[in-house]
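Inspection log for the structure reproduced underneath, given as structure tokens.
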Amino acid sequence: MNTQTLNLLIAFCATVVVGMIVVPILKKHKVGQVVREDGPKSHLSKNGTPVMGGIMMIIVSVVILGIYAMQYHELLLAIIAILGFGIIGFIDDYKKLVLKNTEGLSPKKKMLGLILVTIIFIVVYLKVFHLGTETIIPFFNQPVALTLPVFVLFMAFILLATSNAVNLTDGLDGLAAGVVAIIMSFFTLVAIKNGEKDMIIFGATMVGTCIGFLLFNFHPAKVFMGDTGSLALGGAVAAIALIMKMPLYLAVVALVCIIDTLSVILQVLYFKMTKGKRLFKMAPFHHHLELSGMKETKVVILFWAITAICCAVAYFVL
């Protein structure tokens, strides 16, 4: 059995086992979802569904990657991204759901935490592993070396934007986990093609954890990942893209995340410019599609399909 298949299966099985332990604990402590009343009416049945299920993905991925990091040291970067962003999400979820502080982490404190993790990642990337400032241009497969200040700002943007984009995409049963599984499959296939064993391990591990999580999260979801999981997965996607020198490819393979993020930005701007009018029925865009009459499962499958097509296009034109 090859490395990627073995790691995928181990991560999948471990996530299922951990999930069977974590989900009942979350139920017992009533760490439940509070659904927005202005959202799709079909979501009201989700009230009380356990949140913070992202813990199970973080535990499994960090343990597996931690073991391999003793041999493949650059996997430490993956751990920093997953654990660092995941901790920020966990604190936010914990304050909202356990301490019943409806505001959770203030936007300023949350962003400060994300920036701190980003700085740690960048310092380790450049000063510990000396990975350089090269970035591959999509479809030309040519690396271009950026100046250090530009590259640092670029890395910070990728880490912060990707983690928040995946966070916004996490709004329907199975949506974020499925999209990330497909994106990480793309990077795993590229790593196989290039013979990057450490990134094969990283990618396959994340694919396995996402698929394992989907057993609990696909409609009707038994658990939601919360900010704990979505920020961690966003960090993982950004990390593998940066380590493989392919962050610009996120503009293609993470298209649905970009669409959801842009819909939120446009909604806010339009609301302010028109003094209360809405551009979309609800943002992010996946909720607009629901309120327009599309069933939740169809929206999820549509976004999965778009992601798969984008990843296929990106892979075959490498």
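Brief remarks follow.
- Candidates M199, M282, M225: the one that is closer than 25 Å to E74 by Cβ and aliphatic (A, V, I, L, M) is M199.
- Top-ranked residue in region 124-174 [being among the charged types (D, E, K, R) and surrounded by 13 or more Cβ atoms within 10 Å (Cβ to Cβ); ranked as nearest to the chain's Cα centre (by Cα)]: D170
- Residue ID - nearest to F121 (Cα to Cα), chosen from residues in region 240-277 that are hydroxyl-bearing (S, T, Y) and within 16 Å of the chain's Cα centre (by Cα): Y249
- Any pair with Cβ under 6 angstrom, 6 or more apart, that starts in region 192-206 at a residue that is within 14 Å of Y68 (Cα to Cα) and ends at one that is charged (D, E, K, R): D198/E74
- Residue match in region 130-141 (condition: more than 19 Å from F187 (Cβ to Cβ), part of a helix (DSSP H, G or I) and not hydroxyl-bearing (S, T, Y)): no
- Scan of region 82-127 for residues that are closer than 19 Å to I59 by Cα, of a type outside the set (V, I, T) and in contact with a Leu (Cβ under 7 Å, 6 or more places away or on another chain), ordered by number: F85, G86, G89, D92
- Matching entry among L160, L153, L214, L189 (being within 24 Å of V31 (Cβ to Cβ) and not β-branched (V, I, T)): L214
- Residue within region 146-161 that is on the phi < 0 side of the Ramachandran plot, β-branched (V, I, T), at pLDDT 95 or above and touching a Pro at 6+ places or on another chain (Cβ under 6 Å) present: yes
The values are calculated or read from the model by the stated rules, or taken from the named source; none is laboratory data. All values reported here derive from a predicted model rather than from experimental measurement. Ideal geometry is used to build each Cβ from the backbone, glycine not excepted, and the neighbour counts take in all protein chains shown.
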